[in-house]
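Before any comments, here is the structure.
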Amino acid sequence: MAKRRQVLGAVVALVVIGPLAWWEPASGQQTTWQRAQADKKLQIVMASGYPPFSFIGEDGKQTGFDTDLAAEFAKRSGLELVVKLVAFEGVIPALIGKQTDMVVSIYATDQRRQVVNFSDAYWVAGLSFVTLKDKPPISSMDEAAGKTIGVLQGGFSQRFLTQNAPKATLKAYKGGPVEILSDLAIGRVDAAFEDRDVVAYYLRTQPGKYQFGGRLFGEGQYAWAIRKEDTDLLEAANKFLAEAKKDGTIDRLAQKWHIGPAATQ
């Protein structure tokens, strides 16, 4: 993969926000989308550390499939993209607390739909067990019994195993796959349970170290989270995503970032 990652056209400002950061709209009468258009800025929140979807590149800049896709939305809308990074468990609270306009790089789940709206899905992922290459692979929930499995705290993987592998011991991590796979490498967990496209990045960049199990589980639909009252932003997002699917933008980005059919290239 190229050492330098360039976001598609839009200017990206990177801000790391804490729990007390607050965004104030220009006018209480404006919708979020109207404010974004007036200010010429679209603010998004995402968790970093999830290559190839969202991570800090070798040049120190936020990059990845989801960053590129959001940047293209901002570019076509004539807006500057402002990226704010928070820990994963904080992305929905940041949205509800009006610290941002929308959340990208997140699964649309029924639980989250209770508090936010989601755009149409633009990518479908699956979860897989990951073990060290010299250990037996895990390809079923029964094989996970008695094992300690690393999962993302508050993530879809944690909820899925809680419901489907009650005999496994789950160790939840705030740091995402980087932290989980680091502990897997030194034997603190027996396996990881993660988005297969995310882990494929590590298998590609650290060959011979990890292996997938033989099955995919669940179906994670990537979408953008938007506050329930922001129906005009939701409409604009869905219009863009439909165009990006039709004109090949999403397929081109998938190939660039080696996800889906291009994951093994």
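Throughout, read-outs are computed from the coordinates displayed, never taken from laboratory work. Just so it is clear, the structure is predicted and the values come from calculations on it, not from any experiment. Cβ coordinates were reconstructed from backbone atoms using ideal geometry, including for glycine residues, and neighbour counts include every protein chain displayed.
Among Gln163, Gln211, Gln99, determine the one that fluctuates most according to a GNM of the chain built with springs between C-alpha atoms less than 10 Å apart. Taking springs between Cα atoms under 10 Å, the residue moving most is Gln163. Placing unit charges on each Cβ (+1 for Lys and Arg, -1 for Asp and Glu) gives the chain a dipole about its Cα centre, and among Ala225, Phe118, Thr148 the Cα reaching farthest toward its positive end belongs to Thr148.
For the range 162-265, compute the number of Lys pairs whose alpha carbons are separated by less than 26 Å, excluding pairs fewer than 8 positions apart on the same chain. Could the numbers behind the result be given before it?
Working: Lys171/Lys209; Lys174/Lys209; Lys209/Lys256; Lys228/Lys239; Lys228/Lys245; Lys239/Lys256; Lys245/Lys256; Lys246/Lys256.
The result is 8.
How long are the semi-axes of the equivalent ellipsoid of the range 169-221, taking √(5λ) for every eigenvalue λ of the Cα gyration tensor, in whole Å from largest down?
Working: eigenvalues 53, 45, 25 Å².
Working through the eigenvalues yields semi-axes of 16, 15, 11 Å.
Working note: 222 nm ellipticity from helices only, DSSP H runs with n ≥ 4, each -39,500 (n - 2.57), summed and divided by the residues of the chain, gives -9000 deg cm²/dmol to the nearest 500.
As a length-normalised measure over Cα pairs under 8 Å and 6 or more apart, the relative contact order of the chain settles at 24 percent.
Say the cut-off is 21 Å between C-alpha atoms; which of Lys75/Lys98; Lys41/Lys98; Lys40/Lys98 go over it? All intermediate terms of the calculation are to be shown ahead of the outcome.
Values: Lys75/Lys98 23 Å; Lys41/Lys98 15 Å; Lys40/Lys98 18 Å.
Flagged as over cut-off: Lys75/Lys98.
Quote to one decimal, in nm, the extra length available between Glu58 and Val178 on full extension: 0.36 nm per residue of separation minus the C-alpha distance between them.
On the way: separation 120, 0.36 × 120 = 43.20 nm, distance 1.52 nm.
Full extension of this stretch gives 41.7 nm more.
Relative to the Cα centre, the charge distribution of the chain, modelled as +1 at Lys and Arg Cβ and -1 at Asp and Glu Cβ, gives a dipole magnitude of about 380 debye.
The DSSP beta bridges internal to the chain are antiparallel in roughly 50% of cases. Length gained on full extension, Glu89 to Lys40, computed as 0.36 nm times the residue gap minus the Cα-Cα distance: 14.8 nm.
Placing unit charges on the Cβ atoms only, positive for Lys and Arg and negative for Asp and Glu, gives the range 126-219 a dipole magnitude near 140 debye about its Cα centre. Cross-link partners of Lys133 among aspartates and glutamates, defined as those whose alpha carbon lies under 13 angstrom from its own and excluding same-chain residues fewer than eight positions apart: Asp190.
More than 22 Å apart: what percent of Cα pairs in the range 126-219 qualify?
Numbers: 565 of 4371 pairs.
Roughly 13 percent, once rounded to a whole number.
In a Gaussian network model over the chain where Cα atoms closer than 10 Å are linked, find which of Thr63, Thr131, Thr169 has the largest mean-square fluctuation. Comparing Thr63, Thr131, Thr169 in the GNM, the peak value goes to Thr169.
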